[in-house]
Amino acid sequence: MNIDSIKNGLVIDHIRAGGAMDLYRLLRLGEMDCTVAIIKNAPSVKLGRKDIIKIDSPDELDLGVIGFVDPDATVNVIRDGVLVDKRRLDLPERIVNVLKCRNPRCITSVEPGLDRVFYLSDRERHTYRCLYCDTRAELDRK
Amino acid sequence: MRHLIDIRDLAQKEILALLDRAGDIMEHPADYREACRYKKLATLFFEPSTRTRLSFEAAMMELGGGVLGFSEAASSSASKGESVADTVRVVGCYADIIAMRHPKEGAPLAAALHSSVPIINAGDGGHNHPTQTLTDLFTIRRELGSLNNFTIGLCGDLKFGRTVHSLIAALTRCEGVRFVCISPEELRLPGYVRRELLERSGADFTEVRGLEEVMPELDVLYMTRVQRERFFNEEDYLRLKDSYILTPAKLASARAGMRILHPLPRVNEIDTAIDADPRAAYFRQALGGKFVRMALILKLLEEAGK
């Protein structure tokens, strides 16, 4: 299966199979005008199967969330058709306005205009907690 | 602007200085009678809490200041749908400092992001209650003479008990505190509290099911209430409820110098026959809460330059 190479943009590679749509949603790619290709279940020597997302000429993207969703994913930065950078994403200290707190007793469930902030509470276990109520962040896989 | 939202907002040396000051206020109340003259504390209690609110109000009154506020959401603008942010912006126009209790977890932090005056978290749902923790620390230090090198038994509901989690967070910063966690299986400490507080700090801790087996080891016994609604079935509750009620018979094997603490309100988890025992420190603890809150109000007003 061939997808045209991108000229300027990002290739998020080595996403665990089935994880591409989570990232698509959390990076809010659906709200952007740029060209996005999602490749599901591509063969991978390392993972067996993997997902890939190719994004051509994206707007500003907060890539920090990738480390939370899939710490094994890599980001390739393409400029003028050439790979100029290959990054593994560290876990960010904070994730802002990407995840929603699932605790119905959290103030973020009712207070308007409040940034939804999660902080890294346990690096080894990749655990993030809500800044307001300390509830553990979980991916809403809908 | 400095606020107190979580006990971990305070460095250990700040906590010790606050406890020193609370002790000084307790010994020399007359020296502080005018300390907050012309200052106002707003008590914004979006849910009722008699003890905590009265403690804050008494604290401000004994500092010579005034108090305004409300004691339930129905008598506040929240009932009209006003946000927490707007409420504190407005109250900050009328008061110099705010003590807030709110049923939503994190509400005092949301308030602090918008407030022009210091916010004290007076309890946010089942989350934080830092002035209770300061009160607990004050009581332990006053009763034992130190916050270091002692064994504390935490008994009852360790899963949902916010006072227990905050107290553990504070005591893991002290030297040589050994934790004995006494609870039914259903109400054990949550895994993250074990991992992120006890294990990470390298604290010495054990978990047991029975109170009597560890009683002779304890310097402090911190009691909490085991609530019926926390159990999945009535049978388990009935089987376990008496195990976590402190009676004179269970106290027989305790050390003479042990102290019993309880955040109150008590329902039936401490037999009233124990109240007259010198080891029962829970009413002295409630008194200490006022002095701790006085010291905290003074500190935050001073840091705000008020």
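Per-structure values
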quantity: Unit charges at the beta carbon, dipole of segment B:131-274: most positive-side option, B:Asn268, B:Ala252, B:Val193; calculated: B:Val193
quantity: GluC sites (Glu not before Pro) restricted to DSSP loop in segment B:208-249 with at most 16 other C-beta within 10 Å; calculated: B:Glu212, B:Glu213
quantity: Prolate/oblate/rounded label for segment B:130-178 (Cα gyration tensor, a/c 1.5); calculated: prolate
quantity: Per-residue [θ]222 nm for chain B (sum of -39500 (n - 2.57) over DSSP H runs n ≥ 4, rounded to 500); calculated: -10000 deg cm²/dmol
quantity: DSSP-defined antiparallel bridges as percent of all bridges, the protein assembly as shown, nearest 5; calculated: 50
quantity: Rough spin-label spacing in nm, given labels placed 7 Å along Cα→Cβ, for B:Ala304 and B:Asp86; calculated: 2.2
quantity: Cα-based equivalent ellipsoid, the protein assembly as shown: semi-axes from gyration tensor eigenvalues, Å; calculated: 47, 29, 19
quantity: For A:66-76, mean number of other protein chain Cβ atoms within 10 Å; calculated: 0
quantity: Cα-based Rg / Dmax (Å) for segment A:97-142; calculated: 10.5, 33
quantity: Chymotrypsin sites (Phe, Trp or Tyr not before Pro) lying in DSSP loop within segment B:160-192, provided at most 16 other Cβ fall within 10 Å; calculated: B:Phe160
quantity: Efficiency of FRET between A:Ala42 and A:Asp85 - r from beta-carbon atoms, R0 22 angstrom, step 0.05; calculated: 0.55
quantity: Overall form of segment A:1-43 per C-alpha gyration tensor (a/c, 1.5; a/b vs b/c); calculated: oblate
quantity: Choice from A:Ser121, A:Ser57, A:Ser109 with maximal GNM fluctuation in chain A (Cα, 10 Å cutoff); calculated: A:Ser109
quantity: Shape category assigned to segment B:190-255 from the gyration tensor of Cα positions, a/c cut at 1.5; calculated: oblate
quantity: Per principal axis, descending, Cα span of chain A in whole Å; calculated: 48, 31, 27
quantity: Highest-fluctuation residue, B:Ala276, B:Ala73, B:Ala254 considered, GNM on chain B with Cα pairs under 10 Å; calculated: B:Ala276
quantity: Shielding by other protein chains, A:109-118, mean Cβ within 10 Å; calculated: 4
quantity: Debye-sum result for chain B in log10 I(q)/I(0), which assumes one identical scatterer on each alpha carbon, at q = 0.09, 0.10, 0.15 Å⁻¹; calculated: -0.45, -0.56, -1.19
quantity: Computed E for B:Lys13/B:Ala252 - FRET, C-beta separation, R0 51 angstrom, nearest 0.05; calculated: 0.80
quantity: Full-stretch length increase - B:Ala276, B:Glu27 - with 0.36 nm per residue and alpha-carbon distance subtracted; calculated: 87.3 nm
quantity: Percent breakdown of C-alpha pair distances by 5 Å bin, ordered from the shortest bin, for segment A:9-88; calculated: 3, 16, 28, 28, 18, 6, 1
quantity: Qualifying trypsin sites (Lys or Arg not before Pro) for segment A:30-91 [loop in DSSP, other Cβ within 10 Å: at most 14]; calculated: A:Lys46
quantity: Highest-fluctuation residue, B:Leu19, B:Leu54, B:Leu246 considered, GNM on chain B with Cα pairs under 10 Å; calculated: B:Leu54
quantity: Rounded tilt (10° steps) of B:12-27 against the dominant C-alpha axis of chain B; calculated: 80
quantity: Inter-chain shielding of B:125-135 (mean C-beta neighbours from other protein chains, 10 Å cut-off); calculated: 2
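Throughout, read-outs are computed from the coordinates displayed, never taken from laboratory work. Computed from a predicted model, the values in this text were never measured in an experiment. Here Cβ is always computed from backbone atoms with ideal geometry, including for glycine, and neighbour counts include all displayed protein chains.
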